[in-house]
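Got a structure for you, written out below as structure tokens; questions coming shortly.
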There are 2 protein chains.
Amino acid sequence: MAFECEDEIMGFSTRIEAAISDAVNLGQTAPSPAKLASALRYAVSPGGARIRPTILMSVAAACGDDRPELTNAAAAALECIHCASLVHDDLPCFDDAETRRGKPSLHRAYSEPLAVLAGDSLIVMAFQILTRHASIDPQRAIGLMNILAEQTGMPNGICAGQGWESEQKIDLRAYHRAKTGALFVAATQMGAIAAGQDGAQWDELGSRIGEAFQVADDLRDALYNEAELGKPAGQDDLHGRPNAVAEYGIEGAISHMKNILGGAISSIPRCPGEAMLAKMVNAQAEMLTPVKWRSKHSNLHPGE
Amino acid sequence: MAFECEDEIMGFSTRIEAAISDAVNLGQTAPSPAKLASALRYAVSPGGARIRPTILMSVAAACGDDRPELTNAAAAALECIHCASLVHDDLPCFDDAETRRGKPSLHRAYSEPLAVLAGDSLIVMAFQILTRHASIDPQRAIGLMNILAEQTGMPNGICAGQGWESEQKIDLRAYHRAKTGALFVAATQMGAIAAGQDGAQWDELGSRIGEAFQVADDLRDALYNEAELGKPAGQDDLHGRPNAVAEYGIEGAISHMKNILGGAISSIPRCPGEAMLAKMVNAQAEMLTPVKWRSKHSNLHPGE
């Protein structure tokens, strides 16, 4: 059964990469600034684990996935927003990261202006991918864009999450919910909406996966070095950010994460693909667990 | 007749300000990062001349404006994109502007991280305003978002325009078309689409107004000082940017601008409000002309 699940994820991966590649290569016949065009491709490939679009596709599959082209568009749109956030978060005025996904961060490889513009262009592209596919089902497309906007912008999306870091007094719940949880909530809701279901029912699953991911991210930040992560390590301690490892210790954080994922699985709404989806969440959990603590060997890339 | 036209513009102004204010104040009951929320309001108000949404509303009015709420949403969305571009263009890695619209630029008043996030949030907000109003007419809303995305992102929108400045060899036509023209094309096309008409027919009007605006901007940059402009002056010469004043001289550039606007007026498609719209374009032309060369006194603010 684990094998079937991996096959399914491979199928999703093919669809996700094709949809992202279509998006960034669109309209390349008109005269356009070559470096920015290249920076966009650099920002989206090679991808990390593509966790968010994989979750989106898993939920869509569990709900019947009767409009696969719209699901593909939704997955690519969500990943564009995620990539935009990575590019902007890496900027000198935020994390000033030298590396990302094992290669120089975009502003190091290109320039700071091109990093700002690549992020901006990817945000726009996310919505454009959905408008271009809206004729498949206009109501669903509008629903998808609505959730994507809510979980990206102010006052509750990832922009808000990053914005909390400029506050003297941080609402920690709102901060984590917005900074890490928002795009997981987008993933589950958009997967459901793309398949014609009510997104709101899927909010809790996304929100719990987001909490688990936050704990996993804290663990990776504490346990891995830069070469293993493909991005700078030890950033939480360095920036004095609250994190689960400082709160619970390593073993405690791992069991906390597994409990959250247990709750995530039990929150899955009744649907034809319920059992398959539970397996997916467990597979993600395995990926999120630091190698030494995994139940079996996995060669999945640990970070983004 | 000039008086009627000014009344109409005042009516548009009330609608535009209300729609923008609704958008930036939305969802302020949930816990959200206060500085970023404040930065968003700072970025959109007090507005400049609101030229782009005014053109959008003028075209919608000329086409019958049968869905005024959708027109309002479209105007606010377009202005959010314009404000986002101002905030990001002012960043230290681009123009490093100290002032904008007569007050400190956003990154000077708040911080560079908040300026990046405010720009990002405004881009998202633009699309969100339209998805929130999509139920008025889903097809038109999708059409509006499609044009807005095209004229904002890559390869032809304002992001592409700014991206050209990182190229060693600039395609000047594509550069001006994208950097300045794109949001005017968005303005005329979105005005038509909001009122249920075919956007493509209105491309030329937007594109010509954009050309005229570029010449006017070159004139202002050359003729005004920072206090008059509300932003740094003499930037074209400083950055060695090609500009109409260097090419034609001052008087030559003014007559070039008026010729382009003549072409703009003659490109207006047949519609009930054709004559009114021609007056609007002339009113905009008056605003674009440096004070000393205007045909009559006007106290409209010259810059943004």
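Go through A:LYS179/A:LYS292; A:LYS103/B:LYS103; B:LYS179/B:LYS258; A:LYS35/A:LYS231 and tell me which ones have a Cα-Cα distance over 30 Å in this structure.
Violating the 30 Å limit, Cα to Cα: A:LYS103/B:LYS103.
What FRET efficiency comes out for B:ASN25 versus A:ILE250 if R0 is 51 angstrom and r is the Cβ-Cβ distance? Round to the nearest 0.05.
0.70
Next up: Which value, in Å² rounded to 10, gives the accessible area of B:VAL281 with a 1.4 Å probe and all protein chains present?
10 Å²
How big is the accessible area of B:HIS88 in square angstrom, nearest 10, if you roll a 1.4 angstrom probe over the protein chains?
Per-residue accessible area (B:HIS88): approximately 10 Å².
While we're here: If you average over every viewing direction, what projected area does the convex hull of the Cα atoms of the stretch B:249-293 give, in nm²?
3.1 nm²
Further question on the same structure: Which is farthest toward the positive dipole end of the stretch A:2-293 among A:ILE254, A:LEU223, A:ILE51, measuring Cα position about the Cα centre, with Cβ charges +1 (Lys, Arg) and -1 (Asp, Glu)?
A:ILE51
If you take each beta carbon of peptide A:53-63 and count the beta carbons of other chains within 10 angstrom, what is the mean?
0
Something else about it: With springs only between Cα atoms under 10 Å apart, run a GNM on chain B and tell me which of B:SER38, B:SER58, B:SER207 wobbles the most.
Ranking B:SER38, B:SER58, B:SER207 by mean-square fluctuation puts B:SER38 first.
Translational D (Stokes-Einstein, µm²/s) of the protein assembly as shown at 20 °C and 1.002 mPa s when Rh comes from the Kirkwood sum over C-alpha pairs?
The calculation lands on 86 µm²/s.
Right, something else. With all protein chains present, how much of the accessible area of the stretch A:2-293 (probe radius 1.4 Å) comes from carbon and sulfur, to the nearest whole percent?
Taking all protein chains in place, the stretch A:2-293 shows 51 percent carbon and sulfur surface.
If you count, for every residue in B:31-44, the Cβ atoms of partner chains within 10 Å of its Cβ, what is the mean?
Per residue, the number of nearby Cβ atoms from other chains is 5 on average.
Can you pull the mean other chain C-beta count within 10 Å for peptide A:141-150?
So the per-residue partner count for this stretch is 5.
Taking 25 °C and 0.890 mPa s as the conditions, I'd like the Stokes-Einstein D for the stretch A:203-249 in µm²/s, using the Kirkwood hydrodynamic radius from alpha carbon pairs.
Using the Kirkwood radius from Cα pairs, D works out to 218 µm²/s.
Which residues of the stretch A:122-139 show a drop of at least 30 Å² in accessible area when all protein chains are present, compared with their chain alone (probe radius 1.4 Å, heavy atoms only, ligands and nucleic acids excluded)?
A:ILE123, A:VAL124, A:PHE127, A:GLN128, A:THR131, A:PRO138
Can you give the translational diffusion coefficient of chain B in µm²/s, computed by Stokes-Einstein from the Kirkwood radius over Cα pairs at 37 °C and 0.692 mPa s?
Calculated translational D: 170 µm²/s.
Here's another thing I want to ask about it. Which of A:LEU26, A:LEU78, A:LEU70 ends up with the largest GNM mean-square fluctuation for chain A, with Cα atoms connected below 10 Å?
A:LEU26
Here's a follow-up. Measuring with a 1.4 Å probe in the full set of protein chains, what accessible area per residue, in whole Å², belongs to the protein assembly as shown?
Accessible area per residue, the protein assembly as shown: 38 Å².
With springs only between Cα atoms under 10 Å, which of B:GLU211, B:GLU79, B:GLU150 fluctuates most in a Gaussian network model of chain B?
B:GLU150
Could you tell me what a quarter of the Cα convex hull surface of the stretch B:40-84 works out to, in nm² with one decimal place?
3.0 nm²
Rounded to the nearest 0.05, what FRET efficiency do A:LYS292 and A:ARG241 give with R0 = 22 Å and r taken as the Cβ-Cβ distance? Could you check?
FRET efficiency, A:LYS292 to A:ARG241: 0.40.
For the stretch A:189-226 and the stretch B:152-190, what is the separation of their Cα centres, given in Å?
The stretch A:189-226 and the stretch B:152-190 have Cα centres spaced 36 Å from each other.
Using a 1.4 Å probe on protein heavy atoms only, how many Å² of accessible area do B and A hide from each other, summed over both chains and rounded to 100?
4400 Å²
Still on this model: List the residues, sorted by chain then number, that are 5 or more residues from B:ARG100 or on another chain and whose placed amide H is less than 5 Å from its amide H.
B:SER105
The values are calculated or read from the model by the stated rules, or taken from the named source; none is laboratory data. What you see is a predicted model; the values in this text were computed from it and never measured. All Cβ positions, even for glycine, are placed from backbone atoms using ideal geometry, and neighbour counts span all protein chains on display. Surface accessibility is based on the protein's heavy atoms, side chains included, excluding ligands, DNA and RNA. Shrake-Rupley method; radii C 1.70, N 1.55, O 1.52, S 1.80 Å.
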